[in-house]
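To keep things clear, I will list the structure first and then write my remarks on it.
The values are calculated or read from the model by the stated rules, or taken from the named source; none is laboratory data. Just so we're clear, the structure is a prediction, and the values are computed from it rather than from any experiment. In this analysis, Cβ positions are derived from the backbone assuming ideal geometry, glycine residues included, and neighbour counts consider all displayed protein chains. The area values use the complete protein model at the heavy-atom level, side chains included, leaving out ligands, DNA and RNA. Shrake-Rupley method; radii C 1.70, N 1.55, O 1.52, S 1.80 Å.
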Amino acid sequence: MVTAVKICGITRVEDGLAAAYAGAHAIGLVFHPASPRSVTLERAREIVQRLPPFVTAVALFVNPDPETVHAVLREVDVQLLQFHGDEPPQFCGQFDTAYIKAVRMAPGTDLLQYAARYQGAKALLLDAFNNSVYGGSGHVFDWRTVPRALPLPLVLAGGLTVQNVAQAVRTVRPWAVDVSSGVEREKGIKDPDQIAAFIRGARDADV
């Protein structure tokens, strides 16, 4: 199996293109005003319009109101929603658009129970738990806590870098890996060389 790669927190057209040309399967656009990687509708639309075919555009939200999600769906051609806050299943499933649900891996998190609760999700995205931020913290959680058999595909996030992505893939064998701060020159600005090296690391671990 080829591990899919998502480059999240894209804020510039050139970074979206760098991700696509390096072989990323998806890019993430953050619609959470508190994030340093947040984008406007206008900027998101420009990024998505410039993407080549077969690269999925994912819209990321943290505890949004429904109109915020509807506004993005009206204005930006995204194919997948990512809910990164405390949104219940009924909220996530109301937009007639496929979604993935992030799980912040606090001690004692029961992923089997989580998967049963969010059975309408396309995947669970596993991220490090941090009291102060919803994702993008650059922290790693203990990959050994991830059970081998889950009824939903797993997307592994949280502190992934060029240096550790191969080990992460070999340890967890996720459907996909998701990186943001781990391939940045500064917050919100990606490094094309790090993007390419990250994707190569994930590919090498597939062998």
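Pop a pseudo-label 7 angstrom from the Cα along the beta-carbon direction at both residue 187 and residue 50 and give the gap in nm to one decimal.
Computed distance between label sites residue 187 and residue 50 equals 2.3 nm.
With +1 on the Cβ of every Lys and Arg and -1 on the Cβ of every Asp and Glu, and nothing else charged, how large is the dipole of the chain about its Cα centre, in debye rounded to the nearest 20?
Working: 20 positive and 21 negative charges, 97 e Å.
Value, rounded to 20: 460 debye.
At 1.4 Å probe size, with no ligands or nucleic acids counted, give the accessible surface of residue 143 in Å², nearest ten.
Approximately 30 Å² for this residue.
Based on DSSP H runs of at least 4 residues, each adding -39500 (n - 2.57), what is the mean residue ellipticity at 222 nm of the chain after dividing by all its residues, to the nearest 500 deg cm²/dmol? Write down the numbers at each step before the final one.
Values: 7 runs with 64 residues, N = 207.
Mean residue ellipticity, 222 nm, calculated: -9000 deg cm²/dmol.
Determine the order of 74, 43 by accessible area, beginning with the largest, at a probe radius of 1.4 Å. Kindly include the intermediate steps, with their values, before the conclusion.
On the way: 74 155, 43 100 Å².
These residues rank, largest area first, as 74, 43.
Antiparallel as a % of all DSSP beta bridges within the chain, to the nearest 5?
Details: 2 of 32 bridges.
Of the beta bridges lying entirely in the chain, close to 5 percent run antiparallel.
In a shell of Cβ-Cβ distance under 13 Å around residue 205, excluding residue 205 itself, what net charge do Lys and Arg (+1) and Asp and Glu (-1) give? Write out the running numbers ahead of the final one.
Working: positive: 170, 173, 200, 203; negative: 204, 206.
After counting each charged neighbour, the total is +2.
State the percentage of accessible surface on segment 1-136 attributable to carbon and sulfur atoms; use a 1.4 Å probe and exclude ligands, DNA and RNA. List each step's numbers first, then the result.
Values: 3130 of 6160 Å².
That share works out to 51 percent.
Of 162, 198, 145, whose Cα points farthest to the positive end of the dipole of segment 133-201 (charges on the beta-carbon: +1 Lys, Arg; -1 Asp, Glu; origin at the Cα centre)?
Of the candidates, 145 comes out farthest on the positive side.
So, with +1 on the Cβ of K and R and -1 on the Cβ of D and E, and no other charges, what is the size of the charge dipole of segment 69-110 about its Cα centre, to the nearest 20 debye? Each step should come with its number before you reach the end.
Working: 3 positive and 6 negative charges, 15 e Å.
Dipole about the Cα centre, nearest 20: 80 debye.
Quick check for you: with a 1.4 Å probe and neighbouring chains kept, what is the accessible area per residue of the chain, in Å²? It would help to have the intermediate numbers written out before the result.
Details: 9630 Å² over 207 residues.
With all protein chains present, the chain gives 47 Å² per residue.
What distance in nm lies between label points placed 7 Å from Cα along the C-beta direction at residue 163 and residue 65?
4.4
Of the residues 54, 95, 129, which exhibits the maximal mean-square fluctuation in a Gaussian network model of the chain defined by a 10 Å Cα contact cut-off?
Evaluated over the chain, the most mobile residue of the options is 54.
Between the alpha-carbon centers of segment 154-207 and segment 11-65, tell me the distance in whole angstrom.
17
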